[in-house]
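The values are calculated or read from the model by the stated rules, or taken from the named source; none is laboratory data. Just so we're clear, the structure is a prediction, and the values are computed from it rather than from any experiment. FYI the Cβ positions are ideal-geometry reconstructions off the backbone, even for glycines, and counts take in every protein chain you see.
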Amino acid sequence: MSLAVINYARAMGRWEPNANGRLVRAALELYVERGFEGTTVAEIAKRAGLSERTFFRHFADKREVLFWGSAALQELLVRTIAEAPASTAPIVVIGMAIEAAGVQFQEGREGARLRQTVIAANAELQERELIKLASLATAMDEALRQRGAREPGASLSAQAGIAVLKIAFEGWVNGSDELDLPTMIRDLFEDLKDVSAGR
């Protein structure tokens, strides 16, 4: 896949804001062009028009460029669960949280597609993605239990939510531009209800 290369160094000075976004975009472009293993931090920084030192102020290593939003995503999921009405069933609460995540993702479809292309081409990154999803499931399970949900219901709901997110996200990044991720998530939760009811 070839991408139009944005010359960040020429277009923006080092002092300009959004270094994080510039580094992420530059890294994704280079990972797609040269592969994850074939890209260095120095090349990412140069493409973004920034120094290596600036890169390391934002990211621990080149892998973390792909996963830097995990903490914010987890915070969103946990907060949505905590703020749901007390009488709401665990699986419905998880549906609300996963849909909230879908709303966030919807804004960044092109970046999500690039990211997914890079991860799909690298076994180490696929493993890291699975670890991230497992961490999100654990956090949601804990958030449900803090609301009083019992086991195994809390764990089942959290794991089901991650499965829905994974299936919806893959369909969304690989599908047409008209697809709406929050709607896909809602539809999959409805499908899950039908399966549970034996329909």
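Looking at the stretch 166-186, which of its residues are without any contact (Cβ under 8 Å) to a residue 12 or more places away in the chain and more than 14 Å from Arg113 (Cβ to Cβ)?
Of everything in the stretch 166-186, those that are without any contact (Cβ under 8 Å) to a residue 12 or more places away in the chain and more than 14 Å from Arg113 (Cβ to Cβ) turn out to be Glu178, Thr183.
Go over the candidates Ala26, Ala100 one by one and state the one that is buried (at least 17 other Cβ atoms within 10 Å of the Cβ), at pLDDT 95 or above and closer than 22 Å to Ala121 by Cα.
Ala26
Any residue in the stretch 31-47 that is assigned to a helix (DSSP H, G or I) and surrounded by 15 or more Cβ atoms within 10 Å (Cβ to Cβ) sitting within a Cβ distance under 6 Å of a residue that is at pLDDT 95 or above and among the acidic types (Asp, Glu)? List the pairs, counting only those 6 or more apart or interchain.
Val41/Glu52; Ala45/Glu52
How many residues are exposed (fewer than 15 other Cβ atoms within 10 Å of the Cβ), farther than 19 Å from Asp187 by Cβ and in contact with a helix residue (DSSP H, G or I) (Cβ under 9 Å, 6 or more places away or on another chain) when one looks only at the stretch 84-97?
2
Could you please tell me which pairs satisfy a Cβ distance under 7 Å, a separation of 6+ or placement on different chains, a first residue in the stretch 83-95 that is in the same structural domain as Asp191 (by TED's automatic domain parsing), and a second residue that is hydroxyl-bearing (Ser, Thr, Tyr)?
So the pair list comes out as Pro90/Ser157; Ile91/Ser157; Ile94/Ser157.
If I filter the stretch 48-73 down to residues being part of a loop (DSSP other than H, G, I, E, B) and free of Cβ contacts under 8 Å to residues at least 24 places away in the same chain, which single residue comes out as surrounded by the most Cβ atoms within 10 Å (Cβ to Cβ)?
Gly69
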